[in-house]
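Engineer: The structure's right below; bear with me while I get my questions together.
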Amino acid sequence: MEKTNPIVKEKAVVPRLRLMKNQYVYLLAGLLIFGFFPHLFGPYLTSVFIIIGIYSITTVGLTILMGNAGLVSLAQAAFWGIGAYGTGILTVKYEIPVLFSVVVGIIFSSIAGFILIYVTRNLEGHYFTLATLGFGIVINIILIEESTLTGGSSGLLGIPGFSIGNFALASESMWFYFIWTIVILVVLLSRNLVKSGWGRNLRSMNSSLIASQSMGINTGKYKVKAFVISASFAGLSGGLYASYMGFISPAVFNFEMSIKFVVMAVIGGLLSIYGALVGAIVITLLVEVLREFIPTLFSDTSAGGAVEVIFFGALLMVMMVYLPNGIMGIIKQAKTKFSTGGRFS
């Protein structure tokens, strides 16, 4: 029987112990930043990170859909809009409590997602993506034309802030803690889903649809579930966005926003749920930087939207070619090198 050299074994264990220790340090640092963020960085950055948290919920759903199921959807902004307008219309027009309205908005988004995936269940690849793009355009037109309900191009005003009974989110710091608590719960739920047997079957479909079908996996059923989960997360995010902003407009829930969600998922890393958070942070902060510099670089400030689309389109191409696994892929490689005692070149 071959004996293991204790020195070699010790050398292999030490980096792993060091990595575990570092993980606890990172966790503690994260909790401290979370706890003191609104007090350390002020109202502006707090409001930016509230929006980042709202975006993250939508992007997590897209990561499940694209990274695990292999389905590229350009309808995420549409489901986001359905959740937002479901919440807004019920609270403003019918004076229904915000909590119930958000739940109904999630249901509306889930139903819309189910209808879309059922109708397009036989489409694959870019045909499916184009179908979702068409759906997004149709929803945006409906939001503009149904002005009696939606307020049309002028938008919907007077959406109340989130409250449960006598408890209301009355400050930016309260919104920050509330939104990021939901983000953490969504991330934990999604992480458990993708690590379960359901998630493994979903990834096997992404690797080889024919092989999965030959193993008896009902690929259509898995595709529907993944799409509906993604749509429901977008609906939740939309409802929270409407309640936080107090005003929504069809201009927000357009094709450009769908592209931004896709870029967030790709930049962060499609194979990691945490990548959704990283991508949302990076892209939202980049948008803030672009908004500062565009007026300086261009005399026509109305060109800002077009510049953003060009910039993020180019960024998406670069990431897909040179960093297909995103930022989390780089971090994973670094952790692997560190845990195995490898050296960085």
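The values are calculated or read from the model by the stated rules, or taken from the named source; none is laboratory data. No experiment lies behind these values; they were computed from the predicted model shown. Glycine gets a Cβ as well: all are built from the backbone with ideal geometry, and neighbour counts include every protein chain shown.
Engineer: Please specify each residue of the stretch 155-169 satisfying the condition of being free of Cβ contacts under 8 Å to residues at least 60 places away in the same chain, part of a strand (DSSP E or B) and among the small types (Gly, Ala, Ser).
Structural biologist: Ala168
Engineer: I'd like the full set of residues that are part of a helix (DSSP H, G or I) and either free of Cβ contacts under 8 Å to residues at least 12 places away in the same chain or under 15 Å from Ala242 (Cα atoms) (or both), limited to the stretch 96-107.
Structural biologist: If the condition is that a residue be part of a helix (DSSP H, G or I) and either free of Cβ contacts under 8 Å to residues at least 12 places away in the same chain or under 15 Å from Ala242 (Cα atoms) (or both), then Val98, Leu99, Phe100, Ser101, Val102, Val103, Val104, Gly105, Ile106 are the ones that fit.
Engineer: Further question on the same structure: Kindly check whether there is at least one residue in the stretch 296-310 that is among the charged types (D, E, K, R), at pLDDT below 80, buried (at least 17 other Cβ atoms within 10 Å of the Cβ) and within 30 Å of Tyr85 (Cα to Cα).
Structural biologist: Yes, the stretch 296-310 has at least one match.
Engineer: Evaluate the stretch 245-254: report whether one residue or more is more than 11 Å from Gly67 (Cβ to Cβ), of a type in the set (Ser, Thr, Tyr) and outside any loop (DSSP other than H, G, I, E, B).
Structural biologist: no
Engineer: Picking from Ser214, Ser208, which residue would you name as being surrounded by fewer than 19 Cβ atoms within 10 Å (Cβ to Cβ), free of Cβ contacts under 8 Å to residues at least 24 places away in the same chain and closer than 28 Å to Leu316 by Cα?
Structural biologist: Among Ser214, Ser208, only Ser208 is surrounded by fewer than 19 Cβ atoms within 10 Å (Cβ to Cβ), free of Cβ contacts under 8 Å to residues at least 24 places away in the same chain and closer than 28 Å to Leu316 by Cα.
Engineer: More than 18 Å from Phe135 (Cβ to Cβ) and either of a type in the set (Val, Ile, Thr) or outside any helix (DSSP H, G or I) (or both), is that true of Leu271?
Structural biologist: Yes, satisfied.
Engineer: How many of the residues making up the stretch 262-295 are of a type in the set (Asp, Glu) and modelled with pLDDT of 80 or more?
Structural biologist: Number satisfying all stated conditions: 1.
Engineer: Further, regarding this structure: For the stretch 158-203, give me each residue that is among the β-branched types (Val, Ile, Thr) and within 20 Å of Gly246 (Cβ to Cβ).
Structural biologist: Matches in the stretch 158-203: Ile159, Ile164, Ile179, Ile182.
Engineer: Moving to a separate point now. For Phe167, indicate whether it is among the aromatic types (Phe, Trp, Tyr), out of contact with any Lys or Arg (no Cβ under 9 Å at 6 or more places or on another chain) and surrounded by fewer than 19 Cβ atoms within 10 Å (Cβ to Cβ).
Structural biologist: yes
Quick grid of which residues meet (1) assigned to a helix (DSSP H, G or I); (2) touching a Ser or Thr at 6+ places or on another chain (Cβ under 6 Å); (3) closer than 25 Å to Thr129 by Cα; (4) among the basic types (Lys, Arg):
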{"position": "Pro38", "(1), (2), (3), (4)": "yes, yes, no, no"}
{"position": "Gly53", "(1), (2), (3), (4)": "yes, no, no, no"}
{"position": "Trp80", "(1), (2), (3), (4)": "yes, yes, yes, no"}
{"position": "Tyr94", "(1), (2), (3), (4)": "no, no, no, no"}
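Engineer: Still on this structure: Consider the stretch 170-209. How many of its residues are in contact with a Gly (Cβ under 8 Å, 6 or more places away or on another chain) and part of a loop (DSSP other than H, G, I, E, B)?
Structural biologist: Total meeting the criteria: 1.
Engineer: Same structure again: Do the conditions hold for Phe253, that is, is it modelled with pLDDT of 95 or more and crowded, with 20+ Cβ neighbours inside 10 Å?
Structural biologist: yes
Engineer: Select from the stretch 140-164 the residues that are buried (at least 16 other Cβ atoms within 10 Å of the Cβ) and within 30 Å of Gly35 (Cβ to Cβ) and write down the one among them that is modelled with the lowest pLDDT.
Structural biologist: Within the stretch 140-164, the match that is modelled with the lowest pLDDT is Phe162.
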